[in-house]
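Reviewing the structure listed below.
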Amino acid sequence: MKIAIVKLSAMGDIIHAMVALQYIKDKNPSLHIDWIVEQGFAKVLEGNPHIDNILPVNLKAIKKDKKEIFSQIKRVKAYAKNNYDMVIDAQGLLKSAITAKFLGKNRAGFSKDSIREGVASYFYNMKVDIAYDANTIDRNAKVMSEPLGIKITSRMILEKEPFLYYLEAKEIEEYLSVKKKNVVFVIGSTWESRNYPKEKFAEISNALEENILITWGSDKEKSRAEWIAKHSKFATVLPKINVNALKAVIAKSDLLIGNDTGPTHMAWGLNIPSITIFGPTPVNRVYETPINKVVKSNSEVNHYKLNKNDFSIQEIEADEIIDIAKGLLQ
């Protein structure tokens, strides 16, 4: 049996969906799985033994050039020649539903009341019901497994094997310490209101007195990282690294502290201790475990309409994070 999974973006959402693969393949080892993904996130999936083919698209290019839609349709139709027995849209957006339609006739996805863009559900033959405000990881696991007659429980997810894979990255080895614990800071995100203040990151760094490694993905984040390093005795700004090296440095760290964003969620996927800091987004995007902790501001979050102007993350005291971090580093 050949299936195609449509999960286009973003990094964190892709990671939260990937956890289902190990259970799907365990129940059906002969299953052929291809994954359709935005090309900018394809490397997150690389190395996963449960995926047979990573098939990139560039639907984001259509926003800049409307004519690009024709080349993207042509690309997806070429993928459809793989003759999939089932296509699972784990995204639940109109663009992913249309992509699924081009890929095959037997399509599964979220029901109308389970997603924000309810019209997408009309493209599916099989529809999966789960509350829109349910845990994000549970939602992904259910939509990917239920159409295949597989049930993934919360306990199974809590007992997961690491599922992000990487090649050795020599470029990060010189930054890792053998004398101190290695703590990765993820200081950026897509919204400014999701960013924990740089002053408090510096405070955490000085309090922990460990080898702090700061990742960044843009010039703005690099400037923020350099400010933190300048105001901390223990922090080092990592060079610009690719996704493989990012996975490698997180996998070799003792703790990750970061905003609610893709690289932070990598720690969970690698079974590395982490603290995810939440402001305007809901904590049920993640699983809280004995080693994966969350800290949330006091603001209330509406799952159906997130408030990008909620800067309550700035009110979280650094001491709260420091206490948790010291406990995880013991």
Select, from Lys77, Lys66, Lys127, the only residue that is within 22 Å of Ala20 (Cβ to Cβ), surrounded by fewer than 22 Cβ atoms within 10 Å (Cβ to Cβ) and over 23 Å from the mean Cα position of the chain (by Cα). Lys127
Do we find that Thr236 is modelled with pLDDT under 95, surrounded by fewer than 23 Cβ atoms within 10 Å (Cβ to Cβ) and not basic (Lys, Arg) in this structure? no
Verdict on Ser177 being at pLDDT 95 or above and in contact with a helix residue (DSSP H, G or I) (Cβ under 9 Å, 6 or more places away or on another chain): no
Given the options Asn298, Asn242, name the one that is of a type in the set (S, T, N, Q), assigned by TED's automatic domain parsing to the domain that holds Lys179, surrounded by fewer than 19 Cβ atoms within 10 Å (Cβ to Cβ) and without any contact (Cβ under 8 Å) to a residue 24 or more places away in the chain. Asn298
The number of residues in the range 106-137 that are over 29 Å from Met266 (Cα atoms) and either assigned to a loop (DSSP other than H, G, I, E, B) or not assigned by TED's automatic domain parsing to the domain that holds Met18 (or both) is 3
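Please state which one of Leu164, Leu176, Leu148, Leu103 is aliphatic (A, V, I, L, M), more than 25 Å from Asp260 (Cβ to Cβ) and not assigned by TED's automatic domain parsing to the domain that holds Ile51.
Result: Leu176 is the single residue among Leu164, Leu176, Leu148, Leu103 that is aliphatic (A, V, I, L, M), more than 25 Å from Asp260 (Cβ to Cβ) and not assigned by TED's automatic domain parsing to the domain that holds Ile51.
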Could you list, in sequence order, all residues of the range 75-125 that are farther than 30 Å from Lys305 by Cα and of a type in the set (Gly, Ala, Ser)? Ala78, Ala80, Gly104
For Glu173, indicate whether it is without any contact (Cβ under 8 Å) to a residue 60 or more places away in the chain and either outside any loop (DSSP other than H, G, I, E, B) or surrounded by fewer than 21 Cβ atoms within 10 Å (Cβ to Cβ) (or both). yes
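The values are calculated or read from the model by the stated rules, or taken from the named source; none is laboratory data. If you're wondering where the values come from, they're calculated on a predicted model, not measured in any experiment. Please note: Cβ atoms are built from the backbone with ideal geometry, for glycine as well, and neighbour counts cover all protein chains shown.
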